[in-house]
Every structure is written in C-alpha cells, then in structure tokens.
Amino acid sequence: MTSTRQARVRAPELVGRGGWLNTGGTQLGLADLRGSFVLLDFWTFCCVNCLHVLDELRPLEERFGDVLTVVGVHSPKFAHEAVHANVVAAVDRYEVHHPVLDDPDLATWKQYAVRAWPTLVLVDPEGYVVHVASGEGHAEGLGRLLEELVAEHQAKGTLRRGDGPYVPPPAPDSELAFPGKALRLPDGSLLVSDSAHHSLVVLAGEQVVRRIGTGRRGRADGRRPSFAEPQGLCLLDDGRVLVADTANHLLRTLDLDTGEVRTVAGTGRVWRPGDPTQGPALEVNLSTPWDVAVWDGEVVVAMAGTHQLWAFDGTTVRVLAGTTGEGLRDGDATAAHLAQPSGLAAAPDRLWFADSETSALRWYAGGQVGTAIGTGLFDFGHRDGAAAQALLQHPLGVTALPDGSVAVCDTYNGAVRRYDPASDTVTTLMTGLAEPSDAVVDGEHLLVVESAAHRVTRLRLPDEALVVDGVAQRTRRPATDLAPGTVALQVVFTPPPGQKLDETYGPPTRVTVSASPPELLLAGAGATTELSRTLVLQGIEGVLHVAATAASCDIDSDHAACHVTRQDWGIPVRLVAGAPTALSLVLNGL
C-alpha cells in the first residue's frame, strides 16, 4: 500500500458563499455524497492549467460514473472571477458537467490548505482524504488509485453505486456561444471563432452566412470538420486561414473556397514537460494554442498552455520565447518568463501580446521580450495614466491601431484600453463590455468580440479617451505566515500506484525556488534535485515562487510509459515572529 493511503484525515465540509451550480438548486454537503468517492477540483476559470484538468477528468468521470462524483470548487484569482454570474457563464462556456461550488471567499480552499491552481483532492466513501495532487497530468494515476480503492471499499461494504447529483442547466439559445477571436476576410466579411459551439462562422454584418464545424466537440479534418473550443485566426499568404484549435492542441488550416480543414501542426496530445519543443510540426505536441499571427515571415503562436510563444513555418515548430516558467521576466527571449499569452498583434517593429495571467501588455522583437504594462502575477486593476503605473485585469486580446498605438481587450475589466508607445501612456476607449476578447479595426470603428455577451459589437473609436483612476488590486489569496529566518521547505511527491521514480536519465526530481521581491529570500534560491531544502527569509512580506518536477515510470511493464509531473506555486507569504518554520507543498501524495 502506498503512503498516499496511510493517513486518515477527515475531509472538511464544503462551504462557499456563492452556493452550488449544476445541482438543480440543491445545496450539497459531504454527508450527501457519503458512499461515493468525491474528487474535489480546485480551479479558477482564468487558469489554462485548470482548463486542461477539466478535459483530463472527462474520461475519468465517464469511467467511474457510478462510484465517483467530481465536484469543482471554484476558487477565484481575479476580482472578476468572484462574481457569481461570471462563474455561471464559465461553467457553461467550458461544458462543466459536474456540480460546482462557488467559493468566492476561498473558504473551502483555506479548509483544505490548498496553495495552487489546479489542485485535486480525493475523498473516499467514508469521508476521509486519501490523495492530493497539484497541477495537471494526474488522471492516469488517479484511475489506477481508484481501481484499487473501489475494490477495497466494495469488499468493506462502504461503497454505494448509483447516479451522482449533477443536474444539467437549461441549454442556452444563441447564434454565437462565447466567441473568441475575429478575422477580417478579403471579401469584407468577418470570420469568428464560435468557441463554445466548436465552430467557425462567417458574418456579413450581424448575419451568420456560413458555419464551418459540426457544433459538437471533435477533431475531424475534411469538408465536414469538427473543432474543440477554437480561438485564434490569421490569414496566410496562400489565402487559407490558420486556426488555433485550442482544446484539441492543434493548428488547422481552412480553405475558404472549399471549406476543407486540414491539421498542419500538433498531435492532438497536450505537451508535457520533457516533450520536444521543436521539430516536424505534426510530430510535436502543442499545449492550448490561443492565438496566431503572421510576423516576420512566419506564424507566431501564443502557446498559452506552456506560457511561451512558438513559431510555425509551415512544416516545423520551435519555441520563440519563454522557458515554460510562469511569471513576468523580460530580456533575452530564451530566458524570459511569460504567463498564458492569449492575444497577438503584429506591428512593423514588434509583435505585441496580451500576457493574461500577469495582466500585462508585452512585446517580442529581435530575440528580446519587454513589458509595456503590467507588474506581475498577482497585481491587477483598472488604472490609466503613465504605463509604469497603469493596470489591466486579465487581458485576452490586442490589436494594432493605424496610428501606431495598441488597443487592448481588457477582458476582466470589461473594457478596451489604448496604449500609446509615443507618450508611454494608457487610456480607456470603452467600458461596459462583456468580457471583450478580441477586436478588429473597421475604418473609424472597432469590431469587438464580446465573448460573454455572445456577440460582435461595432463601436466607434472615440475622439477623446477616458482616463480612469481606479484602484490597484492584488489576488486575494490568504498569505501564509512563516517565521523570519530559517524555514524548512519540503515538496511531497509519491508516485501513483503502479509507478516508481524514474532514475533512468539521472535524478528524477528538480525544485527551483525564487522570490518577489528577490530580497525576501536571503538564502535557498536556485535549482536543486532535492525535494527538501533550507530557506532563509527576511523582510515583511512577498511571494515565494517554487517550481517542482518529478519523473516517474510504470512498474513491471515491457513498454513502461514515462510520466513527468510539474507544478509552479506562487505563495504569498507574511513573515511573523513565532509563525511556523516549515512549509510543505504537495506535488502528488498526502
């Protein structure tokens, strides 16, 4: 028996001021789920890794449907995500087919001592926590663990089989469903990625004149194609449209004349640490490509899932910027940190990109990455003025304007903002929009994709922009109190059932530690292969950044598969005399 099953920790109750979704109005408690396995998925809808986990859990839910209840615990990062109506929309947008607890105050997050999005917690039929895992890529290990535990509780008589508490909400009825990106076609019509309908649509004015796709999640090529949450679009030199087929982790081309779709990059499998990051395009795994743009003679891909920019030349792919580390670090593109790039716009001298998780407008040029607006992973707001003090909130789109300035779809602020490089200032062009995610210039107008309103809105560019002096905000996660001075850091990793640590190519684990501000960490920074180390902390407060990877492989198999588990933690810490002198982070285990 593995160590993940030795502890007997009673699962705390599920509470959240926002209440329950997908239950038909029923308020659930753990007692209502007794006799079934309960898998708690702590997620927030801005987080691309959380979206990956939603996809990973779908086959697990189907396989163990009569003994397993998945419960999403929505734990917001941004203020926009703490609004109940926005959570309802996200559950619809991402086709979440299990109960969801809206926990805007992070009450259940605190009870379970969660420290990262996403985190999975498995509770057994008797109400005890039996497994915890942070990050993505745990579905296979959870499947093996559930096989063992189902047999164990079946023999004990503590397992109750039957239907779960999920009640589907009424199906929405709209022409578009959470559209993502838009592209002006040569004939003047507009091509829009109708993301939640898993389709592309051609609009003439406000009228849908053509739909490409079945309307159902899929990945078929040909003249009856299917997509999965498509997003970015760009026009290639040969007249075809390149499509970022986001949830399929593919790049596809669309022939506008014939309607034929062809896969040109990706395998359909999500990229995992250790996978190749360059090579023949159809042989390299991608990870949630969110936007595409032609720049400097090739296609740049906003690879949101790996926090990078990639390049595609028609036959091969390679990394252009970013290390897969999530954060805001400028300079040499090969060492830069990005955070979920989600929108691209080509300008003559640089490529602009919306770096959503750092609430930033950033650029790439000449092998360098820079930042025009934004300060880091946890700072956001709606404030105009000098760019150094300006704030955005999770922008998803960026558009180059004819005068050389840049329009930013400031998604979670419901606004379109303008950055003027000449004066290095930020103003607000429009407010009151419903999650704007992209914009296209149309003469003196902008065609703005209002994703949460399921429409494209024509808005005249104002003669004078607004200047908003809003408040600065920070992610509302509770700070972890630690004692100043020496602190023992321990990353916990236990291979899932049927796996062992893989030492084939050297040490199987790696932990990297840094801090914001750097002065917070007097000693203990850097990378080592040990899962534990001693830190020395000083100052008052800051953010401790820990990135951990662990390699494991299957036991007793002629064709053993290798697995790499990775998680990045950004932990707000407050140094208080007499506080704990140890910090434990669970990568996979209990």
Sorting Asp102, Asp237, Asp424 on the 10 Å Cβ count, fewest up front, what's the list? Asp237, Asp424, Asp102
Taking the Cα centroid of the range 2-68 and of the range 332-388, what is the distance between the two, rounded to the nearest whole Å? 35 Å
Using only the Cα atoms of the range 90-142, what are the Rg and Dmax in Å? 12.5, 33
Only helices counted: for the chain, with every DSSP H run of 4 or more residues adding -39500 (n - 2.57) and the sum spread over all residues, [θ] at 222 nm is -2500 deg cm²/dmol
Between the Cα axis of helix 48-63 and the main Cα principal axis of the chain, the angle (0 to 90°, nearest 10) is 60 degrees
Computed over the range 488-590, the ratio Rg/Rh where both radii use C-alpha atoms and Rh is Kirkwood: 1.06
Candidate lysines for bridging to Lys110, where Cα separation is under 27 Å - those fewer than 8 sequence places away on the same chain excluded: Lys77
For the range 141-254, what ratio Rg/Rh do Cα atoms give with a Kirkwood hydrodynamic radius? 1.23
Exposure-ranked with fewest Cβ neighbours within 10 Å first, Ser36, Ser174, Ser516 stand as Ser174, Ser516, Ser36
Matching label for the computed volume of the Cα convex hull per residue in Å³, out of (1) 153; (2) 168; (3) 180, is (1)
Dimensionless Rg/Rh of the range 1-170 - Kirkwood Rh, Rg from C-alpha atoms: 0.93
Measure nothing but the geometry: give the 0 to 90° angle between the long axis through the Cα atoms of 139-156 and the longest principal axis through the Cα atoms of the chain, rounded to 10°. 40 degrees
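A short reminder: the numbers here are calculations on the coordinates, not readings from a lab. A quick note: this is a predicted structure, and the numbers were derived from the prediction, not measured. Please note: Cβ atoms are built from the backbone with ideal geometry, for glycine as well, and neighbour counts cover all protein chains shown.
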